[in-house]
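Report on the structure given below.
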Amino acid sequence: MITNLLNFDLEGLAVFCDKLGEKRFRATQLFRWIHQRGAGEFSEMSDLAKSLRQKLSQCACISPLPVISEHQSSDGTIKWLFDVGAGNAVETVFIPEDGRGTLCISSQAGCAVGCRFCSTGHQGFSRNLSTSEILAQLWFAEHTLRARSGAQDRVISNVVMMGMGEPLQNYAAILPALHVMLDDHGYGLSRRRVTVSTSGIVPMIDRLALDCPVALAVSLHAPTDFLRNDLVPLNKKYPLIELMDACIRYLKYAPRDFITFEYCMLDEVNDQPEHAKALIDLIKSKENSNTWCKFNLIPFNPFPASGLQRSLDSNIIAFAKLLTDAGIVTTVRKTRGDDIDAACGQLAGEVQDRTGVIERMKKRRTIMISPEK
């Protein structure tokens, strides 16, 4: 059987090399060739013994994902569609900014969480991605962009697991991928510059804190269980009080001294002053200080199946002011790549749904305009 070496973190690669009768330093050399230099063929690895290169060519490969399409936005954002087989495809987005380059990576073909405002969730769920399929997105983007620009240094400075899927529902695959991102022999990213975004799977937040604490972003989107149950169905299993407690526990291990809460601004659904005040009460109820978290307000990117609309700019500004005046650090995310459907909540790819999401979405009740005053 041919083994894709993109499936391994350094420890896994050392075990693989040991089975071939090779010493650990060979695994480190191989790891550097793959991730630091972007080598796709063993023949390129000039400092490896010829006998090892021949051995590897018979039992291993460095197999990237086929690129179906590439689109570039007027603002420089690039979106790739990768083929992951069996009619499924996932999207990856690179966002260039002054002083940094951020890559948004997918962790699943589709998503089973089914958030109202997310086009990925409306496509349903097919399967988890493997570690190699997750890392292949970073491997391709980093070395493709480096080759195009002629850059000698790293092009991607930040990785956010905010693409298609719920990362913490694919924990076994994302953990070694995170290790590769952080490893100095791999991509050498700081824990502060790698972010896992979750809709709130409490037990896995606790596990991530112990196994590989990176920056944590939580898709909040509502200040009460009543409203969040409808927007983020996972809340019925892990209600707000449990989620907030998990976030406080995570702070002890986090590389940053705050948790980021993502909040999609939906017109007359969650963007009114009473919602902001309820959020303030929620945050104050957990800690004496308001500085343990920050809010990232995200203007909604509409798509027909959602039945939702973007908040007015004036409402977003007023909402942000209420949070800021209460001492909560608040930013409004600048929409990037929306002209190529690469903005937050727009990633859809191609998913062979096996969850019956369309029928389930039809059955879900229409959200109330003025829930739970």
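The values are calculated or read from the model by the stated rules, or taken from the named source; none is laboratory data. Values in this document were obtained by computation on a predicted structure and should not be read as measured data. Using ideal geometry, Cβ is built from the backbone for each residue, glycine included, and neighbour counts are taken over all protein chains shown.
Brief remarks on what is shown
- The single condition among (1) touching a residue at least 60 places away in the same chain (Cβ under 8 Å); (2) closer than 30 Å to Ser306 by Cβ; (3) surrounded by fewer than 19 Cβ atoms within 10 Å (Cβ to Cβ) that Ser190 does not satisfy is (2).
- When residues in the stretch 318-342 are screened for being farther than 20 Å from Ala222 by Cβ and either modelled with pLDDT of 95 or more or not acidic (Asp, Glu) (or both), 8 of them pass.
- Condition met for Asp206 (under 23 Å from Phe295 (Cα atoms), touching a residue at least 12 places away in the same chain (Cβ under 8 Å) and surrounded by fewer than 19 Cβ atoms within 10 Å (Cβ to Cβ)): yes
- Close contacts from the stretch 94-106, counting a first residue that is small (Gly, Ala, Ser) and a second that is surrounded by fewer than 20 Cβ atoms within 10 Å (Cβ to Cβ) and outside any loop (DSSP other than H, G, I, E, B), with Cβ to Cβ under 8 Å and a gap of 6+ residues or different chains, come to Gly101/Leu145; Gly101/Asn158.
- Candidates in the stretch 130-156 are the residues that are in contact with a helix residue (DSSP H, G or I) (Cβ under 6 Å, 6 or more places away or on another chain) and not in a helix (DSSP H, G or I); of these, the one that is nearest to Gly87 (Cα to Cα) is Ser130.
- In the stretch 121-128 there is at least one residue that is in contact with a helix residue (DSSP H, G or I) (Cβ under 7 Å, 6 or more places away or on another chain), over 29 Å from Arg310 (Cβ atoms) and at pLDDT 95 or above.
- Scanning the stretch 160-191 for residues that are part of a strand (DSSP E or B) and in contact with a Lys or Arg (Cβ under 7 Å, 6 or more places away or on another chain) gives no hits.
- Condition check for Lys294: at pLDDT below 75, over 25 Å from Ser74 (Cβ atoms) and of a type in the set (Lys, Arg): no
- Condition check for Asp211: surrounded by fewer than 23 Cβ atoms within 10 Å (Cβ to Cβ) and out of contact with any Lys or Arg (no Cβ under 8 Å at 6 or more places or on another chain): yes
- Taking the criterion of being in contact (Cβ under 8 Å) with a residue 24 or more places away in the chain and loosely packed, with under 15 Cβ neighbours inside 10 Å, the residues of the stretch 290-314 that qualify are Thr291, Ala305, Gly307, Gln309, Leu312.
Residues are listed down the side, and each one gets a yes or a no for (1) under 30 Å from Lys334 (Cα atoms); (2) in the same structural domain as Ala136 (by TED's automatic domain parsing); (3) surrounded by 13 or more Cβ atoms within 10 Å (Cβ to Cβ):
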{"position": "Lys19", "(1), (2), (3)": "no, no, no"}
{"position": "Phe31", "(1), (2), (3)": "no, no, yes"}
{"position": "His35", "(1), (2), (3)": "no, no, yes"}
{"position": "Phe42", "(1), (2), (3)": "no, no, yes"}
{"position": "Ala49", "(1), (2), (3)": "no, no, no"}
{"position": "Leu52", "(1), (2), (3)": "no, no, yes"}
{"position": "Ser74", "(1), (2), (3)": "yes, yes, no"}
{"position": "Lys79", "(1), (2), (3)": "yes, yes, yes"}
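- Total residues in the stretch 108-129, condition under 18 Å from Ser197 (Cα atoms) and either among the hydroxyl-bearing types (Ser, Thr, Tyr) or not assigned by TED's automatic domain parsing to the domain that holds Gly307 (or both): 2
- Checking every residue in the stretch 151-167 against the condition of being among the small types (Gly, Ala, Ser), at pLDDT below 95, surrounded by fewer than 22 Cβ atoms within 10 Å (Cβ to Cβ) and in the same structural domain as Thr92 (by TED's automatic domain parsing) gives at least one match.
- Restricting attention to the stretch 96-112, the residues being assigned to a strand (DSSP E or B) and surrounded by 15 or more Cβ atoms within 10 Å (Cβ to Cβ) number 8.
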